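Beneath this line is the structure, given in structure tokens, with notes to follow.
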Amino acid sequence: MIRLKDFQLPSVVVQSPMANCTDLPFRLIARQKGMRFAYLEMVSAHALVHENRKTLELMKSLPEDRPVGAQLVGCDPEVMGKAAQMIEAMDAYDLIDINFGCPVPKVTGHGGGSALLREPQKAREIFRSIVRNVKRLPVTVKMRLGYCDASGQEAAVIARIAEEEGLDAIAVHGRTREQKYQGNADYEAIRRVKDAVKIPVFGNGDVVDGPSALRLKKVSGADGVMIGRGALGNPWIYRDVERALQGLPALPAPTVEERRQTLLEHLELEIQHHPRSAHLQMRRVACWYFKEMPHSARFRERVNSASNGDELRQAILEYDPSLSRSPESPG
Ligand SMILES: Cc1cc2nc3c(=O)[nH]c(=O)nc-3n(C[C@H](O)[C@H](O)[C@H](O)COP(=O)(O)O)c2cc1C
């Protein structure tokens, strides 16, 4: 078990932050299926201190969505410190994470996200400012292996600085900024970062099931496993990974009916929490749930033409992997 300050993480398996993906409905569904800790998607520290309405909306949580971590992106130490203080004062989150991994030019161009991997002095100032401004909550940083250097050396330098400045844990995605999402995450390089510090390290990248989680843990030596894209449309992954780590046999994959029911619940939550944009978000979410099933391309087409919740619900109810009873089937 991992303890960060006074906060006992309920599991070593956590859900990573993912912009436009890990929203409140996603997290509520994931919790029903066994997810025990998640991060909100990143929010700009600058936007938060200006109380930007959209940013506050992104940070929406509920008491049943705990424990949960908030993640800040930005590069101005003072603003980052102020934003972290605001997050703590909101009293709705259990941890504050700092984004040192985002490869998107819109973020790195302003000096935030993975651009900070090349700025050890700036990194120190950001960590120091946040630690100074936060009294109670654990503070962590999530990073990539490096900006261009895939050895893990850059991340190890930042990890040591994080430890010196009093951060409580780090997470490492086993790719560089330059690699974006190409190739495979390098678990051996994560081990080099793990070996550089004593604070807990979460390994991240390409965990899609129990065996991949076991491989990440074994090769990297990481204390915890952070799941990202593997949970999109597959909230059963947490249960699978937990069981694999405990040495328990795998459970059967969810049936089409289980997937359908879970997806319908996800749709209702999305409509409840984001009534105006639910159908747009759910077009993507629906495709995730059936992506590896037969005739998923046909389902995708239908879902992408749905213009409201009712049409989506209908498409989900009528999805038929055998196509024998499907209304679009020619015979
Ligand atoms: C659509 C998308 C959005 C993401 N948003 C964030 C984010 O807000 N903050 C962050 O630290 N990482 C973000 N990531 C990175 C993931 O958290 C994770 O580190 C990465 O996907 C590798 O893990 P995986 O192979 O398990 O997906 C995002 C990734 C994707 C695909």
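Some notes on this structure:
- Amide H to amide H, with H built 1.01 Å from N, ASP97 comes under 5 Å of ALA70, GLN71, LEU72, THR140, counting only residues 5 or more places away or on other chains.
- Pairs exceeding a 21 Å alpha-carbon distance, out of LYS198/LYS218; LYS60/LYS194; LYS33/LYS194: LYS60/LYS194; LYS33/LYS194.
- Percent carbon-and-sulfur accessible area, the stretch 3-245, ignoring ligands, DNA and RNA, probe 1.4 Å: 49 percent
- For the stretch 1-62, the spread of Cα positions along each principal axis, largest first, Å: 37, 28, 18
- Calculated on the Cα set of the stretch 3-245, radius of gyration then Dmax: 16.1, 44 Å.
- Loop sites in the stretch 222-331: GluC sites (Glu not before Pro), DSSP, at most 14 other Cβ within 10 Å: GLU292, GLU328
- The stretch 61-128 - Kirkwood radius from inverse mean 1/r over Cα pairs (Å): 12.6 Å
- Note, ³J(HN,Hα) from phi for the stretch 132-137, Karplus 6.51, -1.76, 1.60, rounded to Hz, x at Gly and Pro: 5, 8, 10, 9, 10, 6
- Taking 7 Å steps out from each Cα toward its Cβ at LYS5 and ASP91 produces label points 1.6 nm apart.
- In this structure the chain gives 44 Å² per residue of accessible area when probed at 1.4 Å with all protein chains present.
- Taking only protein heavy atoms and a 1.4 Å probe, the accessible area of the stretch 256-318 is 49% carbon and sulfur.
The values are calculated or read from the model by the stated rules, or taken from the named source; none is laboratory data. Note that the structure is a prediction, hence the values are computed from the model and not measured. Because the Cβ atoms are built from the backbone with ideal geometry, glycine has one as well, and the counts that use them run over all protein chains shown. Note: areas computed on protein heavy atoms with side chains; ligands, DNA, RNA excluded. Shrake-Rupley method; radii C 1.70, N 1.55, O 1.52, S 1.80 Å.
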